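Heads up: the structure comes next, in structure tokens.
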4 protein chains.
Amino acid sequence: MARLAENQYGKSRVRLLKVIKNGAQHEVREWTVGVYLRGDFERHFVTGDNAGMMATDTMKNTVYSVAKESSALTMEDYALDLARLLSERNPQVGHVHVTVEEKMWIRIKAQGERHDSAFIQRGPDVATADLSYTPAKAGADAVAVVASGVKGLVILKTSRSAFSGFKRDRWTTLPETADRLFGTEATIAWVYSEPKEDYAAVRARLMDTLLTTFAGHDSLSVQQTLFQMAEDALAVEPGISEITLAMPNRHNNLVDLSRFGQENANEIFVPTDEPHGQIQARVVR
Amino acid sequence: MARLAENQYGKSRVRLLKVIKNGAQHEVREWTVGVYLRGDFERHFVTGDNAGMMATDTMKNTVYSVAKESSALTMEDYALDLARLLSERNPQVGHVHVTVEEKMWIRIKAQGERHDSAFIQRGPDVATADLSYTPAKAGADAVAVVASGVKGLVILKTSRSAFSGFKRDRWTTLPETADRLFGTEATIAWVYSEPKEDYAAVRARLMDTLLTTFAGHDSLSVQQTLFQMAEDALAVEPGISEITLAMPNRHNNLVDLSRFGQENANEIFVPTDEPHGQIQARVVR
Amino acid sequence: MARLAENQYGKSRVRLLKVIKNGAQHEVREWTVGVYLRGDFERHFVTGDNAGMMATDTMKNTVYSVAKESSALTMEDYALDLARLLSERNPQVGHVHVTVEEKMWIRIKAQGERHDSAFIQRGPDVATADLSYTPAKAGADAVAVVASGVKGLVILKTSRSAFSGFKRDRWTTLPETADRLFGTEATIAWVYSEPKEDYAAVRARLMDTLLTTFAGHDSLSVQQTLFQMAEDALAVEPGISEITLAMPNRHNNLVDLSRFGQENANEIFVPTDEPHGQIQARVVR
Amino acid sequence: MARLAENQYGKSRVRLLKVIKNGAQHEVREWTVGVYLRGDFERHFVTGDNAGMMATDTMKNTVYSVAKESSALTMEDYALDLARLLSERNPQVGHVHVTVEEKMWIRIKAQGERHDSAFIQRGPDVATADLSYTPAKAGADAVAVVASGVKGLVILKTSRSAFSGFKRDRWTTLPETADRLFGTEATIAWVYSEPKEDYAAVRARLMDTLLTTFAGHDSLSVQQTLFQMAEDALAVEPGISEITLAMPNRHNNLVDLSRFGQENANEIFVPTDEPHGQIQARVVR
């Protein structure tokens, strides 16, 4: 006899671009939204009865509609507006999970001036927001947990990175080094203590702190630098309760030029995507 | 004051291809392996002390070495051999997570005969294995939880799929239909009750059952078909304790040909990748 | 003073899925179509005058409309129908280039039987068609050049492949070998002498010949095997005038297991995507 | 009887990262190099005789070796050094084609200062270089044709873009508009009259001109803006002889919010990747 344990359904990869106009001065937001619901849906799965079910197509329409209605300038505030509307109108929903990714558009510099209404996309990093929303029920208030972050942050340091003193056994061939490249494509997310921050300002301060620590740290390992970045982030930003960093070690392998009669004093490397180290941690206060 | 909550590290995307030779008759296995460790690693993060740490490069070497030594013909058995060796040699490791993906290579049919040593890759689906391994410690036996599955299984049915009776509100524009296309790129994984199955035989039987149910089911919704597939899988295979299916609804949108004076009796569709519905559930006994 | 040299415009990545119904027995075709026009378009570029210009949105609509109207079962025949309609209705068009890629859908085998209306996608190779169409003009007949092919054909042979005798200089480190893996992701296209073939039958015969030669050839180099495949294709199929093959050498690098005290008699390899050799040739009669 | 028409072989996707050190001040170049040779190679294909053939593995090694030896700071100058060495040492080579793509790394701003040796990757656009090199032969001098460009330049303008006056027929459903979004992922390449420019300076000036024209142009069509960009580029830079632009029209579709009782005054769009218009031209003096 089969029994439904957990289930969820929703709509993924709903893309929208919003143009915000202050006269001739435009801003653009490009968001990719995901909405995932949990709740009292068992009969939909077990019997095929669709009564009361919000179609995922309706969720998609709601994503666009709220984008128009909402005055939110950040995706975190937008996600809150979206989750509230979806759960108010659908009492069968017990939990709403909203994810948003934002592609970065910056103004084109045309002859030294930032243009009013022309933009160039910048990446590869995208900003992320993640909302876990439990609607008010039976006297209990609604609970919103907001996390913000960044994905695909590709950074590299060419000095102040060592790796030595690790365990050596039959399968260890990696030489110890006092000077290596340290490259990563980081995914970082921080959780707010309260869902009422100035999300854009916190993001700017945290990104500045994270990049400054990455650049300046005398690294003995990816692990140590990751933890130092987390520690500095928590120190600079009292409004966040925790931060999670995943920092794959994207290896740049030194080319053996001695085979061609040349030296290679940490000058010529082969960048690789795979295999890669994968180091991650959640750091709390 | 910052404090490490969870952490893990490991090596991702270690690719290997093994040629198994029975005389002139060859077989190939192409596996992409990930190894992730948890354990007593806090000082590596906090102080930069690397003493006793297995480098991720050493893990990579071990992946290759075990591939040679092991007689495993399935990735599930290989993963068990790998986790055992890694944990035996590294007592600081408290948990090993191994993931493997297998690309499917089948024999080329050359003039009607399956060739001994020439192969063609088949996909887009890849087979998956996932091992959670807790080494024996202080009298307690080792615990191995093995899951197998498939990823990227792109399937489509052009009849016996309806969707109607769902909730209609201000944001609902989707028409009801008694006849639609039902396409998905499924991700499926099942968990074995005991880690000692004939993994290849179970996989073959389950894939046959899952595809048969998908094809034959009179579908009232993705949810209902998903649950029926799970139910039939659990019924056919007593050695598995649960199954999880994620079935994104990859929409094929009917083209409005009436604008050109043509009918479209469910003949011409636009296949899309985004946005897509996302339906998933875990089903247990 | 700037002057327009060549120009073209069109619509790319127009996806369509056609369901062909013979009672309960369905077939599906999934095509991604590109349409590119050349002709008398200079004033559109130079002055911004759009008079007489077919919008690319109109091309997209035509792609769908012809898919409905046309009785073509192959993408080659469909492409001809599409090019004819586009050029008849738009005399300003001097040349139509149509590209089509077909994803392979095969029937799901449900309890041993091929199902009527349920399908599984197979790849990674996709079938391709390419039509160069010059409409009739001033007494001259229309000219249609049809090419068919395959893209992303991932094949591998584990025996009968050597590579030795090549030039050695200061930068040569590759050892000679009498026994290596030979893997490629081939792109192949053949041109028909006349645009009136049974395209599906020719495709089936050529794929069989190409794979048979790849499998059985005693290869001294990628170059030699490529040429032999071309030669056999031209021999088996009198209706084609030429064939072009691009066979990147996707290297499987032997792992040095001697560092761990193990032998590696061509058993354990690291498959790589980059860098890769790139060998290509056009072969004619 | 089969006969070799054209052929070429080479090495693709050779990635390298070069660290250029001026004391503590570092710079990085990340290049992906392709090398493709044409020449007197027929017997390699036809007979399998490899004598005199430069292995593609040797080309790869040469790419790294020249990266070390060469003092070039631009990929254009590097490509010239590479092509000269390859053809000097291999008289059987009749033509060398070198392609290079450069990922952009900029200094991390750490507490307001550009850091000496820490970098962040910027894209999605990559800079490109393309060298066609014919070695000196029988009294004729070597000929080098250098092109530079950019790929994946994702730009968007939210005003000053119209599209109207185009042809309407049975398949035309696109409304005319005086105000639409205009987004593209441009690929642009310019050819130098002589291979001895300050490539970095020309690139900077041309990118500034191209972006300024894109931003400021009162666009009647993609075609017209493309041509204007070309015309302005040729005007600003006497050292280039031609420029080619491919500007796919990546559509942002206006959402019909009237179905939900809302207006949409060009505010909420759905960005799409497919299908897309494809407009391209080569513009000469």
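Data table
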quantity	calculated
Rounded FRET efficiency, nearest 0.05, which uses the C-beta distance separating B:Ala138 from D:Ile20 and R0 of 45 Å	0.25
Selection from D:Gly34, D:Ala127, D:Ala110, by position along the positive dipole direction of region D:9-141 (Cβ)	D:Ala110
Note, ³J(HN,Hα) from phi for region B:2-18, Karplus 6.51, -1.76, 1.60, rounded to Hz, x at Gly and Pro	8, 9, 6, 8, 8, 8, 7, 8, x, 10, 10, 6, 8, 8, 8, 10, 10
Three-way shape call for chain B based on the alpha-carbon gyration tensor, with the a/c threshold at 1.5	prolate
Dipole magnitude of chain D about its Cα centre (Cβ charges: Lys, Arg +1; Asp, Glu -1), debye to nearest 20	460
Convex hull volume of region D:9-141 per residue (C-alpha atoms, cubic angstrom)	117
Efficiency of FRET from Cβ geometry, D:Ser193 and C:Lys196, R₀ 60 Å, rounded to 0.05	0.80
Under Karplus coefficients 6.51, -1.76 and 1.60, residue-wise ³J(HN,Hα) of region A:268-275 in Hz, glycine/proline x	10, 10, 9, x, 10, 9, 8, x
Rough spin-label spacing in nm, given labels placed 7 Å along Cα→Cβ, for A:Arg170 and D:Arg170	7.6
Copies compared at D:Ala136 - label distances in nm, ascending, label defined 7 Å from Cα in the Cβ direction	5.8, 7.6, 8.6
Test item: A:159-169 mean partner chain Cβ contacts at 10 Å	5
Amide proton proximity set for B:Ser219, modelled H, under 5 Å, gap of 5+	B:Ser161, B:Ala162
C-alpha long axis of helix B:222-236 to longest principal axis of chain B, angle in °	50
Cβ-based exposure ranking for D:Val255, C:Val100, in which fewest neighbours within 10 Å come first	D:Val255, C:Val100
Sorted by Cβ density within 10 Å, fewest first, the residues A:Ser71, B:Ser148, B:Ser12	A:Ser71, B:Ser12, B:Ser148
Candidates D:Asp130, D:Asp218, D:Asp273: whichever shows maximal mean-square fluctuation once chain D is modelled as a Gaussian network with Cα springs under 10 Å	D:Asp273
Positive dipole terminus of region C:150-284, leading residue within C:Val154, C:Phe214, C:Thr177 (C-beta point charges)	C:Thr177
Shielding score for D:38-47, defined as the mean number of other chain Cβ atoms within 10 Å	4
Global form of the protein assembly as shown, assessed from the alpha-carbon gyration tensor, a/c cut-off 1.5	rounded
DSSP-loop GluC sites (Glu not before Pro) across region D:230-275, with at most 12 other Cβ within 10 angstrom	D:Glu263
Inter-copy spacing of A:Ser241 label points, which lie 7 Å from Cα along Cα→Cβ, given in nm from shortest upward	3.1, 6.7, 7.3
Using a 7 Å Cα-to-Cβ projection, C:Ala265 label spacings across copies, nm, ascending	4.8, 6.5, 8.0
Amide proton proximity set for B:Gly52, modelled H, under 5 Å, gap of 5+	A:Lys167
Degrees, to the nearest 10: B:199-216 long Cα axis against longest axis of chain B	10
Unit charges on C-beta of K, R, D, E only; dipole of region C:9-141, Debye	380
Average beta carbon contacts from partner chains per residue of A:23-33, 10 Å cutoff	2
Cα centroid separation - region C:25-64 against region C:104-147, whole Å	20
Mean residue ellipticity (222 nm) of chain A, computed from DSSP H runs ≥ 4 via -39,500 (n - 2.57), nearest 500	-7500 deg cm²/dmol
Degrees, to the nearest 10: A:75-89 long Cα axis against longest axis of chain A	30
Sites B:Arg3 and D:Ser71, calculated FRET efficiency, Cβ-Cβ separation with R0 60 Å, nearest 0.05	0.75
Net charge of neighbours whose Cβ lies under 11 Å from the Cβ of B:Val126, counting Lys and Arg as +1 and Asp and Glu as -1	-1
Per residue convex hull volume, Cα atoms of region D:71-168, in Å³	218
Greater than 22 Å apart at Cα, pairs in B:Lys11/B:Lys68; C:Lys167/D:Lys11; A:Lys68/C:Lys60; D:Lys11/D:Lys68; A:Lys18/A:Lys103	A:Lys68/C:Lys60
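Read-outs throughout are calculated quantities, based only on the coordinates presented, and are distinct from any laboratory measurement. Quick caveat: nothing in here was measured; it's all calculated off a predicted structure. Ideal geometry is used to build each Cβ from the backbone, glycine not excepted, and the neighbour counts take in all protein chains shown.
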